[in-house]
Amino acid sequence: MQTVWVLGDQLNRRIGALADADPATCRVLMVESIAKVTSKRWHRQRAHFVIASMRRFADELTDAGFTVDYRRADSLRDGFRAHVAEFDPDEVVATEPASYDGLEMLRELEVAVVRSNQFLCHYEDFAVWADGKKSFKMEDFYRQQRKRLGYLMNDDGEPGGGRWNFDDENREPPPKGDANPWADPQTSQLDDVDRQVITDLEAAADEHGGELWGAEPDGTWATSRRAALARLKHFVDNVLPQFGPHEDAMVERSWHLAHSVLSPYMNIGLLMPDEVCDAVQDAYDRGDVAINSAEGFIRQVIGWREYVWGVYWLWMPDYRSANALGADRPLPPAFTGAASTQMNCVSNCVETLHDKAYNHHIQRLMVLGNLSMLHGVDPWAMTEWMWSNFIDGAEWVMLPNVIGMSQWADGGKMATKPYAAGGNYIDKMSDYCKPCRFDRKKRTGDDACPFTTLYWDFLARHHDRFVKNPRIARQVRASEKLSDLPAVRERAVEVRRLLDSGEL
Ligand code: SF4
């Protein structure tokens with residue numbers, strides 16, 4: 001009998017090796033690895049999300065007639081070896097994993113690997129597209145995906161709405177006042193499966209020296225395909241019409257705004273990217289959503305998400321150690337929860353992360369990522385922290401987004417400029433600064449905004465590297481002209497010390 005080994009982020013009957021599997025001729029193996037659970041300081045909701053989804057998927061397969069060997073083992077390798085020793089399968093097959101190390105492991109264990117269909121562009125096809133290009137821009141890749149896949153395309157081959165990109169309609173600052181027009185995400189009641197997973201995770205951490213962080217699961221995140229499909233319908237019916245205009249805004253009164261919060265489901269297989277895009281295309285065809293909402297969302301899925309996936313495979317394994325700016329500081333205690341912070345923007349993001357295992361992309365990029373780069377945090381430490389704390393974290397997601405996009409650690413292979421900004425940008429796009437004890441306009445003094453101080457210091461510190469970069473040269477030259485630059489740089493030294501000690 002054949003064994004199909006299903007990994008924890010392949011939880012869908014349509015995926016790879018499972019797509020053609022016949023319950024009469026194959027058995028399914030699933031392994032919960034204690035080494036994995038204790039390998040990082042996981043957010044409780046992240047760890048629960050994966051394990052609860054695995055257990056429910058095993059039940060779903062059993063209900064469909066499969067024999068499922070569901071094991072808890074010290075490691076994935078141990079679980080695999082124990083399964084082979086017990087059942088002596090004719091062959092073990094698995095779908096290509098989403099991580100470089102996972103693929104190495106399967107090769108080492110001589111598991112037959114089936115091509116992954118969890119993305120709409122396989123990474124080998126992405127490599128063919130990228131081959132020979134001097135720079136491969138996400139926008140070019142995205143347009144090619146639109147044409148190839150047919151989303152939001154007119155019959156004459158032109159893009160729907162007459163343009164490829166409606167980004168300029170999707171960068172509005174937050175609405176003034178207390179307006180909170182964004183529909184709440186659906187939630188689920190916790191059940192016995194959830195409660196058992198929570199108990200098991202705490203016990204595994206206690207027994208094996210692991211550490212968990214963050215609030216307990218509260219039903220925000222779906223852990224079954226049925227519930228994930230309901231979340232998708234809720235998004236399309238109630239949230240998608242609002243998606244777009246405030247994509248880049250940050251407000252204290254809403255942790256989700258009109259973000260889909262569907263990425264975790266796509267990243268572990270509960271939803272497939274084509275069915276998510278099909279649902280959005282259908283809503284657009286019915287006239288239920290404007291083109292800027294539909295296009296902005298489709299671009300995130302078939303553009304950015306697939307681009308990041310392709311880039312990960314193209315540049316691994318060296319990409320992990322990229323550190324072009326020589327950043328080597330540890331994570332600030334304000335990020336990890338080891339210290340509170342008076343920076344209102346950081347405090348709001350970390351509080352949301354603690355409660356929901358989630359921040360949206362601008363909070364990740366322009367608050368947490370921005371401060372990390374300005375401060376000089378080691379990019380791999382930042383990658384691992386985001387990977388273990390965000391509900392949708394995975395190495396393939398976090399490496400390009402952190403190393404390439406937010407920390408400029410790859411020296412500009414991915415982002416043509418560093419995403420550095422002072423307090424002014426955060427003030428424009430959020431309601432964080434008004435109640436903050438720091439003054440976003442000040443760059444020196446005890447009440448100077450740390451972002452503003454470190455921003456000017458960053459431009460001065462990396463002057464020679466960026467002065468010829470057309471996308472940031474103007475700001476670098478402006479830093480040369482600051483009359484108080486010596487005082488700014490002196491204040492930056494103090495800000496760094498306070499960030500490191502958790503006193504800011
Ligand atoms: S003033 Fe500075 S630290 Fe305070 S919220 Fe604004 S950007 Fe953040």
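The values are calculated or read from the model by the stated rules, or taken from the named source; none is laboratory data. From a predicted model like this one, the values you see are computed outputs, not experimental measurements. Using ideal geometry, Cβ is built from the backbone for each residue, glycine included, and neighbour counts are taken over all protein chains shown. Quick note on the areas: whole protein, heavy atoms, side chains included, nothing else; ligands and nucleic acids left out. Shrake-Rupley method; radii C 1.70, N 1.55, O 1.52, S 1.80 Å.
For the reader, a short list of remarks on this structure follows.
- Under Karplus coefficients 6.51, -1.76 and 1.60, residue-wise ³J(HN,Hα) of region 257-269 in Hz, glycine/proline x: 6, 10, 6, 6, 6, 9, 4, x, 5, 5, 6, 10, x
- What the Cβ-Cβ distance of residue 473 and residue 171 gives, at R0 = 22 Å and to the nearest 0.05, is a FRET efficiency of 0.45.
- Rounded to 10°, Cα long-axis angle of helix 225-234 versus longest principal axis of the chain: 40 degrees
- For region 321-501, size of Cβ-based charge dipole, Lys and Arg +1, Asp and Glu -1, in debye: 780 debye
- Using only side-chain charges placed at the Cβ, +1 for Lys and Arg and -1 for Asp and Glu, the dipole size of the chain relative to its Cα centre rounds to 2080 debye.
- Computed helical MRE - 222 nm, the chain, DSSP H runs ≥ 4 contributing -39500 (n - 2.57), nearest 500: -12500 deg cm²/dmol
- Only one residue of 486, 230, 398 has its Cα farthest out toward the positive end of the dipole of the chain, where Lys and Arg carry +1 and Asp and Glu -1 on Cβ, and that residue is 486.
- In this calculation the C-beta distance from residue 125 to residue 19 is compared with R0 = 25 Å, giving a FRET efficiency of 0.85.
- Angle in degrees between helix 306-315 and the longest Cα principal axis of the chain, rounded to the nearest 10: 90 degrees
- A protection proxy built from the mean count of other Cβ atoms within 10 Å ranks the segments 405-413, 58-66, most packed first, as 405-413, 58-66.
- Three-way shape label, region 321-501, alpha-carbon gyration tensor, a/c 1.5: oblate
- Once divided by 2.2 N^0.38 Å, the Cα radius of gyration of the chain becomes 0.99.
- Under 11 Å, Cβ to Cβ, from residue 378 - net charge with Lys/Arg +1 and Asp/Glu -1: -1
- Working value for region 2-114: equivalent-ellipsoid semi-axes of 21, 17, 13 Å, each the square root of 5 times a Cα gyration tensor eigenvalue, largest first.
- Put simply, when 487-500, 465-478 are sorted by average Cβ atoms within 10 angstrom per residue, most first, you get 487-500, 465-478.
- Per residue value of the accessible surface for the chain (all protein chains in place, 1.4 Å probe), Å²: 41 Å²
- FRET efficiency for residue 278 and residue 434, using Cβ-Cβ distance with R0 set to 30 Å, rounded to 0.05: 0.10
- Solvent-accessible area, 1.4 Å probe, carbon plus sulfur percent, for region 2-114: 45 percent
- Inter-part distance where region 202-255 and region 113-165 are each reduced to a Cα centre, Å: 28 Å
- For the chain, the relative contact order comes to 16 percent (Cα pairs under 8 Å, sequence separation of at least 6).
- Under the convention that each Lys and Arg Cβ holds +1 and each Asp and Glu Cβ holds -1, the size of the dipole of region 2-114 around its Cα centre is about 760 debye.
- Farthest toward the positive end of the dipole of the chain, out of 157, 453, 290, is the Cα of 453, where the dipole comes from beta carbon charges about the Cα centre.
- The modelled label-to-label distance between residue 202 and residue 253, using points 7 Å beyond Cα along the C-beta direction, is 3.6 nm.
- Per DSSP, loop GluC sites (Glu not before Pro) in region 67-121 with at most 14 further Cβ within 10 Å: 110
- In percent, rounded to a whole number, the relative contact order of region 2-114 is 37, using alpha-carbon pairs under 8 Å and six or more apart.
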